[in-house]
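Worksheet: the structure to be examined is printed underneath.
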Amino acid sequence: MKYLFKFAFKKSSGNFTNMKIIKICFSIILMLCVVSCSKIDENLEKMIPSDSYGVVRINVNSLLEKGHLTDEDQNISIPQSLKDVVNEHDSSPFSKAIELGKKIGINTDGSIYCFFPKHTFRFATLLAIEDGDVAKSEIEKRTGQKFQSIEGVDFLREQSVSYVMEDDYLFVGEEVKETADATLALMARSFLHASEPGIDQNADVGKVIHHESDVNAYLSMKGIQQTIAQSESFAEKIKKFPILTLFTDSDIKAIALHLNFENEGAKLEANIKADDHSDYIKLFDATLAKADAGFLKVMPVSMNYIFSISLKGENLLQLSQVKKSINLMNNMPGADQIDIRSMVRSINGPVAIGFSHGDGMNISSIANDNWNIALVAKSNDAAKIVNQIVAFASSTGQEDFVKNGRHLFDYEGMPVYLGELDGYVYAIRLDHEMEEEFYYDMPDAKERFSKSQIGFYAKYPDPKGDAFFNVGLNNPTTGEGVYYTIREENPVVSFLELLCSTNTADSDSNY
């Protein structure tokens, strides 16, 4: 379409005074562009099975325009700052995707679709390309492998990732487990041939992914639950923490997400699909307490991630999952010295957790025991809870040392601060002495948690300027959030740099 646009404009400029002709030309061009874009996306949406666990649609043209990521000839052009990040974090899946996307010649008249198939592939991407031969050559050069004709499609495999091409469409998928090439090629071909009903026939999905935003996502809760059920590690965690079944057994239908970039950052809109009389809605109304940002008075600014949920402890105790969790905790050695049930009952507001790790944004490294954490809860008996914990610590041989009004203990060589302030009880473990400010003096964090019964706040440190992301819910079905940065940089570019610099440890993804 970019060549058609140039041709039409050149022809009409010869009679510049005839504005009607110019308007007609532009109308025709616009109509053809819309038809072309919708046709490509229509074909891609037919290829994605309607029973997929989730679908993400990325509006390529919009992101390129807002991020100023094209040159004078409308070819993709990556700014030097993003190139530097991609080179520095070349093992990141996002860096690999950007590097490959620029070289293979994406057809920007269409969108990029990411989806979670029901079988064979854990995650997949579908897109249209300008020239199949160019794309194959670039993929072969990058992977060091050669495309083969298998099951009627061009197939190339690099470790757990399959690249499959037919005509001008490219499928990239990561397998769930090691599978024969022929099986992978056959499954990918079934997608490319639209062998099953596609998401174009699912009205619920269509309403979400056609939203006027740069990125739209539809995540089926049934699919999420089935994925969790297939995870042996998660099954073991549920045995230890029955409260997790509040999520795994939820009767939420789906989650819809919309991300839209603006001049100063991006806005996020979340919609939770659930029936009016669902258990989820009832649980939300009965269990959640009023939002309150007071816990930020004891949340250190060194915590890069904060999650908060406001709860009514008395109602929380009525849930079978909570009862099971308390029984398990009561069976732990020495737990008889702490009245866990009364602690839960006293909760009347936010229960928050903050954490940070020295290894950049490697969130998965939380599994290690080398991270900072802050636990804060609003309680009707904050002082009583602190006294119980101090007594328990003393019984284990811990000396009760008080510093700056806080009880100070040692946990495996790391200081733990315990105390209460304005009805909030807190325990903070750090790899340094607590001589820092608190989040309560930061207006953006204070505003988010003062109006969100469920809230999340993230700070991504960067020498060029920190980036921030916060989102929250103050009713059962609608949430909102924002992404912004203090950098003097285009928000699309800064967001891509953030994704590329994220270290997804233990990831085998190669695209």
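Observations
- Residue, nearest to residue 119 (Cα to Cα), within the range 199-213, restricted to residues that are in contact with a helix residue (DSSP H, G or I) (Cβ under 8 Å, 6 or more places away or on another chain) and surrounded by fewer than 21 Cβ atoms within 10 Å (Cβ to Cβ): 200
- Meets criteria (over 17 Å from the mean Cα position of the chain (by Cα) and within 30 Å of residue 91 (Cβ to Cβ)) for residue 493: yes
- Of the criteria (1) under 25 Å from residue 269 (Cα atoms); (2) touching a Pro at 6+ places or on another chain (Cβ under 6 Å), which one residue 215 fails: (2)
- When residue 326 is tested against (1) at pLDDT below 90; (2) touching a Lys or Arg at 6+ places or on another chain (Cβ under 9 Å); (3) outside any helix (DSSP H, G or I), just one condition goes unmet, and that condition is (3).
- Check on residue 132, surrounded by fewer than 19 Cβ atoms within 10 Å (Cβ to Cβ), at positive phi and not acidic (Asp, Glu): no
- Of the residues making up the range 195-251, those that are of a type in the set (A, V, I, L, M) and modelled with pLDDT of 90 or more are 199, 203, 205, 208, 209, 215, 217, 219.
- The one condition in (1) in contact with a His (Cβ under 9 Å, 6 or more places away or on another chain); (2) more than 30 Å from residue 265 (Cα to Cα); (3) at pLDDT 95 or above that residue 176 fails to fulfil: (3)
- Yes/no for residue 45 being crowded, with 16+ Cβ neighbours inside 10 Å, of a type in the set (Asp, Glu), out of contact with any strand residue (DSSP E or B) (no Cβ under 8 Å at 6 or more places or on another chain) and not in a strand (DSSP E or B): no
- Of the residues in the range 151-161, at least one is more than 22 Å from residue 40 (Cβ to Cβ) and of a type in the set (Asp, Glu).
- Given (1) in a helix (DSSP H, G or I); (2) in contact with a strand residue (DSSP E or B) (Cβ under 8 Å, 6 or more places away or on another chain), number of the condition residue 123 does not satisfy: (1)
- Within the option set 235, 188, 217, being surrounded by 20 or more Cβ atoms within 10 Å (Cβ to Cβ), part of a helix (DSSP H, G or I), under 27 Å from the mean Cα position of the chain (by Cα) and not basic (Lys, Arg) holds for one residue only, 188.
- Total residues in the range 69-92, condition out of contact with any strand residue (DSSP E or B) (no Cβ under 9 Å at 6 or more places or on another chain) and in a loop (DSSP other than H, G, I, E, B): 11
- Meets criteria (in a loop (DSSP other than H, G, I, E, B) and polar (S, T, N, Q)) for residue 470: no
- Of all residues making up the range 146-173, the number that are in contact (Cβ under 8 Å) with a residue 40 or more places away in the chain, farther than 21 Å from residue 194 by Cβ and charged (D, E, K, R): 1
- Among residues of the range 31-54, those that are modelled with pLDDT of 95 or more and of a type in the set (A, V, I, L, M, F, W, C), counted: 3
- Test: residue in the range 435-442 that is touching a residue at least 60 places away in the same chain (Cβ under 8 Å), in a helix (DSSP H, G or I) and either more than 35 Å from the chain's Cα centre (by Cα) or farther than 21 Å from residue 292 by Cβ (or both): no
- Residues of the range 130-171 that turn out to be part of a strand (DSSP E or B) and among the hydroxyl-bearing types (Ser, Thr, Tyr), as a count: 4
- Among the residues making up the range 422-442, a single one is crowded, with 17+ Cβ neighbours inside 10 Å, more than 19 Å from residue 350 (Cα to Cα) and touching a Ser or Thr at 6+ places or on another chain (Cβ under 8 Å): 430.
- Taken over the range 405-431, the criterion of being farther than 15 Å from residue 382 by Cβ and either touching a residue at least 12 places away in the same chain (Cβ under 8 Å) or in contact with a strand residue (DSSP E or B) (Cβ under 8 Å, 6 or more places away or on another chain) (or both) is satisfied by 408, 409, 410, 411, 412, 414, 415, 416, 429, 430, 431.
- Residue within the range 384-392 that is surrounded by 18 or more Cβ atoms within 10 Å (Cβ to Cβ), among the charged types (D, E, K, R) and modelled with pLDDT of 85 or more present: no
The values are calculated or read from the model by the stated rules, or taken from the named source; none is laboratory data. These numbers were taken from a predicted model, which means no experiment stands behind them. Because the Cβ atoms are built from the backbone with ideal geometry, glycine has one as well, and the counts that use them run over all protein chains shown.
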